[in-house]
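Here the structure is laid out as C-alpha cells; the discussion comes afterwards.
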Amino acid sequence: MDVSQITIFTIVTALAATTLMVPPGLLLAWLLARRRFPGRVLLETLVSMPLVLPPVATGLILLLLFSPRGPIGRVLATVGIDVVFTWRAVVLAMTVMGLPLFVRTVRAGLEQVDRRYEAMASTLGAPPLRVFFSITLPLALPALVAGAVLGFARAIGEFGATIMIAGSIPGVTRTLPVAIYSFAETGRDGDALLLVAISAGIAFAALWLSNYLSARAGLRA
Amino acid sequence: MIVLDFTLQQGEFRLQLNEELVGRVTVLFGPSGSGKTTILDAVAGLRTPSNGTIALNGRKLFDARARTDLPPHQRHVGYVPQDVALFPHMNVRRNVLYGRRRGQKLSLDSVASILEIVPLLDRQVVRLSGGEKQRVALARALMSAPDLLLLDEPLAAVDFDLRSRILPYLERVRDELGVPIIYVTHDRDEARRFADHVIVLANGAAVRSGPPQEVLS
C-alpha cells in the first residue's frame with residue numbers, strides 16, 4: 001500500500017473540491033442571504049439535500065447524471081471528458097457533498113454583516129460589485145474561512161457518494177476513507193488504523209487552522 | 001438648489017414634503033419619529049419614495065414620473081449617519097480614502113488638517129473616541145467630493161464638552177469647503193447657530209419653514 005499516494009491524492013482532490021465550492025457557493029449564499037425571489041425556498045432545499053440524503057443515494061444520482069449515457073456525461077463525452085471512475089468523479093462527489101456546509105456557513109456570515117456599512121460604501125460612490133468585494137466579503141471573512149474548512153473536512157471524509165461514482169481503484173480513485181474501508185474489510189487492520197491516524201491528523205490541522213484564523217479575524221475587527 | 005418634493009410611505013408612517021432648499025445649511029428640526037432620518041435616507045438613495053421628485057442642482061436624483069431612481073453610488077451625496085458606520089476592517093486612512101474620486105480638488109492632507117485627524121490616520125477605528133469617529137466619518141464623506149452633505153445628528157452622541165469642539169469643524173466645512181449641508185438635529189441651539197434655513201418637522205410633514213430666527217423663536 002502506498003500511504004503517501006493515498007494521503008496526497010485525498011488532500012489534493014479535497015483542496016480542488018473546496019476551490020470549486022467557492023464560486024457557486026458564494027453566489028448561492030449571497031442569493032439566499034440577500035435576495036427575495038420566487039423559488040428561493042426551493043433552491044435552499046435543493047442545496048441542502050446532500051446533507052440529509054444518504055450519501056450513497058447522492059452518489060447514485062450523480063452516477064446516473066454523469067455516466068457516459070447520462071444527460072451531463074453524454075455532453076462531456078463529446079468533448080472527451082470522462083468523469084465516472086476517474087479522479088474527476090472523486091472531486092465531483094466531494095464538491096457536491098461539501099457545498100451545502102459551505103453555503104450554510106457563508107450565508108449565516110453574510111446575514112451577520114451590518115447593511116449600514118454597505119449603504120455607506122454605496123453613498124461613497126462604490127458600485128455594487130466593489131461594495132461586495134471591499135465591504136461585504138471582508139466582513140464575512142471568518143464565516144468564509146469556517147465554511148471552506150468545513151467543506152474541506154467534509155470532502156476529506158467523503159465516502160458514500162465517492163464509492164458509487166468513483167469506486168475504489170488503487171492509485172486512481174482510492175481516497176483515505178475508501179481505503180480504510182477496503183483495508184478493514186480485507187483484514188488489513190494495521191494499514192486501516194494507520195490511515196485513520198492520518199485522517200485524524202488532517203482533521204486536527206484543518207480545525208486548528210480554522211480556529212486560529214477566526215481568532216485572528218476576531219482580534220482585528 | 002435642492003428640491004425635495006416627494007411622498008414616502010413606510011408602513012403606517014407617511015412622509016410628505018414639498019421644499020426647495022437654497023441656503024448653505026438647511027436644518028431639519030423636530031422630535032424623533034418626525035421623519036428627519038427618513039428624508040436623509042431618501043436623498044441618499046437608501047429608501048425609495050412612493051412619489052414625487054428629488055433634485056440636486058438641476059440633476060434629477062429621483063423622479064417617479066420619469067421612472068428615474070439613481071442608485072446611491074451615482075448620486076454624489078455624502079452621508080454621515082448617526083452611528084457614523086466607519087468600516088471596522090479598515091484603518092482610518094483607508095476609511096477616509098474609500099470614496100476618493102479621481103481628479104477631485106480636495107486632498108487627503110487638506111481634509112485631514114481641517115478636521116485635525118492627521119495623527120489618527122494609521123489607527124484602527126475601534127480605538128477612536130466618539131468625537132474622533134465623527135470627524136473621520138466627516139472626512140470620509142468629504143473625500144468623495146459630494147455635491148451635498150447629509151449630517152444626521154452629528155453631535156447627539158457626544159458630550160457637551162466635545163460638542164463645543166466639533167461644532168467649529170462643521171463650521172469650517174461649511175465656510176471653507178462650500179459644500180451645501182442638510183443637517184438633522186433636535187437641538188434648538190445647534191439649529192440656531194448652524195442653519196441658514198430651518199424646516200420644522202412633525203409626524204412626517206413640514207409644519208414651519210424659514211430662517212432660524214423666525215422659525216425657532
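Read-outs: derived from the displayed coordinates by stated rules, not from any lab. Remember, predicted model here, so these are calculated numbers, not experimental data. Cβ: placed from backbone, ideal geometry, glycine included. Neighbour counts: every protein chain shown.
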Which FRET efficiency value, to the nearest 0.05, is calculated for residue A:74 and residue B:69 with the Förster distance at 41 angstrom and r the Cβ-Cβ distance? 0.30
HN-Hα J couplings of segment A:63-68 from phi, Karplus 6.51/-1.76/1.60, θ = phi - 60°, integer Hz, Gly and Pro as x? 4, 5, 6, 9, 5, x
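Fully extended, how many nm does the chain gain between residue B:20 and residue B:162 (0.36 nm per residue separation, minus their Cα-Cα distance)? The partial results should precede the final answer.
Numbers: separation 142, 0.36 × 142 = 51.12 nm, distance 3.24 nm.
Extra length available between residue B:20 and residue B:162 comes to 47.9 nm.
When Rg is the radius of gyration of the Cα atoms in the protein assembly as shown and Rh is its Kirkwood radius, what does Rg/Rh come to? It would help to have the intermediate numbers written out before the result.
Numbers: Rg = 29.0 Å, Rh = 25.5 Å.
Radius of gyration over Kirkwood radius for the protein assembly as shown works out to 1.14.
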With point charges of +1 on the Cβ of Lys and Arg and -1 on the Cβ of Asp and Glu, referenced to the Cα centre of chain A, which listed residue (A:64, A:112, A:180) lies farthest in the positive direction of the dipole? A:112
Working from Cα positions, state the angle (0 to 90°, nearest 10) between the long axis of helix B:130-143 and the longest principal axis of chain B. 80 degrees
When all C-alpha to C-alpha distances in segment B:131-217 are sorted into bins of 10 Å, what percent of pairs does each bin hold, rounded to whole numbers? 15, 49, 31, 5
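For a Förster distance of 56 Å, can you work out the FRET efficiency between the beta-carbons of residue A:205 and residue B:12, rounded to the nearest 0.05?
Working: r = 56 Å, r/R0 = 0.99.
Result of the calculation: an efficiency of 0.50.
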Give me the log10 of I(q) over I(0) for segment B:1-67 at q = 0.22 Å⁻¹, as the Debye formula computes it from C-alpha points; what are the numbers? -0.96
Relative contact order of chain B, please, whole-number percent, based on alpha carbon pairs below 8 angstrom and at least 6 residues apart. 29 percent
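In segment A:1-93, which trypsin sites (Lys or Arg not before Pro) are in a loop and have at most 12 other Cβ atoms within 10 Å, using DSSP for the loop call? The partial results should precede the final answer.
Numbers: sites: A:34, A:35, A:36, A:40, A:69, A:74, A:88; in loops: A:35, A:36, A:69.
Answer in residue order: A:35, A:36, A:69.
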Rounded to the nearest 5, the percent of antiparallel DSSP beta bridges in the protein assembly as shown equals 60 percent
For a Förster distance of 45 Å, can you work out the FRET efficiency between the beta-carbons of residue B:101 and residue B:187, rounded to the nearest 0.05? 0.90
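Kindly provide the helix-only [θ] at 222 nm of the protein assembly as shown, computed as the sum of -39,500 (n - 2.57) over DSSP H runs of four or more divided by all residues, to the nearest 500 deg cm²/dmol? Mind dumping the intermediate values first?
On the way: 18 runs with 229 residues, N = 438.
Calculated from helices alone, the mean residue ellipticity at 222 nm is -16500 deg cm²/dmol.
Sorting B:60, B:133, B:105, B:36 on the 10 Å Cβ count, fewest up front, what's the list?
Working: B:60 14, B:133 22, B:105 8, B:36 26.
Final ranking by Cβ density, sparse to dense: B:105, B:60, B:133, B:36.
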May I ask what percent, to the nearest 5, of DSSP beta bridges between residues of segment B:114-217 are antiparallel? 55 percent
Given charges of +1 on the Cβ of Lys and Arg and -1 on the Cβ of Asp and Glu, with all other atoms neutral, how large is the dipole of the protein assembly as shown about its Cα centre, in debye to the nearest 20? 680 debye
Pop out the ³J(HN,Hα) list for segment A:73-83 in order, Karplus 6.51 cos²θ - 1.76 cosθ + 1.60 with θ = phi - 60°, rounded to Hz; leave Gly and Pro as x. x, 4, 5, 5, 5, 5, 9, x, 9, 8, 10
Restricting to Cα pairs under 8 Å and 6 or more apart, the percent relative contact order of chain A works out to 28 percent
Using modelled backbone amide H atoms (1.01 Å from N, in-plane), which distant-in-sequence or interchain residues come within less than 5 Å of residue B:202's amide H? B:207
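Relative to the Cα centre, what is the charge dipole magnitude of segment B:55-212, using +1 at the beta carbon of each Lys and Arg, -1 at the beta carbon of each Asp and Glu, and rounding to the nearest 20 debye?
Here the size comes out at about 600 debye.
Residue A:110: net charge of surrounding residues, Cβ under 12 Å, Lys/Arg +1, Asp/Glu -1, itself excluded? Numbers along the way, then the final one.
Working: positive: A:34, A:35, A:104, A:107, A:115; negative: A:111, A:114, A:118.
Local net charge: +2.
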Candidate aspartates and glutamates - alpha carbon under 13 Å from residue B:133, same-chain residues fewer than 8 apart omitted: B:83, B:116
